[in-house]
């Protein structure tokens, strides 16, 4: 491959939507293109974003009520965050290194502990929601010394796409059954009473999708919960 065939940043920012869709189909996910264009969001590109608003290339302003689908609690390009990132780069600060302590991690963990109630004073900073959920499950396993092995999850849920977090996810989109965590049982979303009902929740169906059958076996309550 010729290096001249690579797409640079400047060229990337001027790609037309049809070419972006084609690149997604060829190198990212065909099904994602089909899904996004069905709802209309994938038919245009974003020019800029600020606060709770997104501006498309054709000049429309859209209120982003989802906050980037739950990942931007401070909005898009918050001025204080942008200023801190710019200052960090201008001073040439080190992003991350396994062999050195980070004063930023130390200060952040202190601040989080100061804001949280009681003895919630230990922080775990993962890379994703899936890693956070798997960390929560591991903590529950360890807290009970391995004596409890049942994990409850709702039949309609999303907890991540890794093997572990994916096995905690209940979605009709999971048509392929990957191997997952053992001991998972399912209860109807929003029906906490079903957890303690005779027969208890049921094992998950193939593929991890929404449960269709009846409840099956009693379940001892446990702390192995995972959620956003």
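A short reminder: the numbers here are calculations on the coordinates, not readings from a lab. Worth saying up front: this structure is predicted, and the values here are computed from it rather than measured. So basically every Cβ, Gly included, is an ideal-geometry build from the backbone, and we count neighbours across all protein chains shown.
Against the chain, whose longest principal axis is taken from its Cα atoms, helix 17-27 shows a tilt of about 50°. Shape class for the range 1-120, computed from the alpha carbon gyration tensor (a ≥ b ≥ c): prolate, with a/c not under 1.5 and a/b above b/c. The share of alpha-carbon pairs in the chain lying farther apart than 24 Å comes to 64%.
Taking every DSSP beta bridge that has both ends in the chain, the antiparallel portion is near 70%.
The residue 56 and residue 23 beta-carbon pair, evaluated with R₀ = 22 Å, returns a calculated FRET efficiency of approximately 0.70. After finding the eigenvalues of the alpha carbon gyration tensor for the range 74-158, what semi-axes result from the square roots of 5 times each, listed largest first in whole Å? For the range 74-158, the ellipsoid semi-axes come out as 32, 18, 14 Å. Computed per residue of the chain from DSSP H runs no shorter than four, each worth -39500 (n - 2.57), the mean residue ellipticity at 222 nm is -9500 deg cm²/dmol. The C-alpha atoms of the chain define a longest principal axis, and helix 129-143 lies at about 30 degrees to it.
Measuring from a point 7 Å past the Cα of residue 47 along Cα-to-C-beta, which residues in the range 4-36 have an amide N at less than 16 Å? It comes to 13-17, nothing else.
Would you kindly state how much longer the chain becomes between residue 65 and residue 9 on full extension, computed as 0.36 nm times their sequence separation minus their alpha carbon distance, in nm to one decimal?
Details: separation 56, 0.36 × 56 = 20.16 nm, distance 2.86 nm.
Stretched fully, the residue 65-residue 9 segment lengthens by 17.3 nm.
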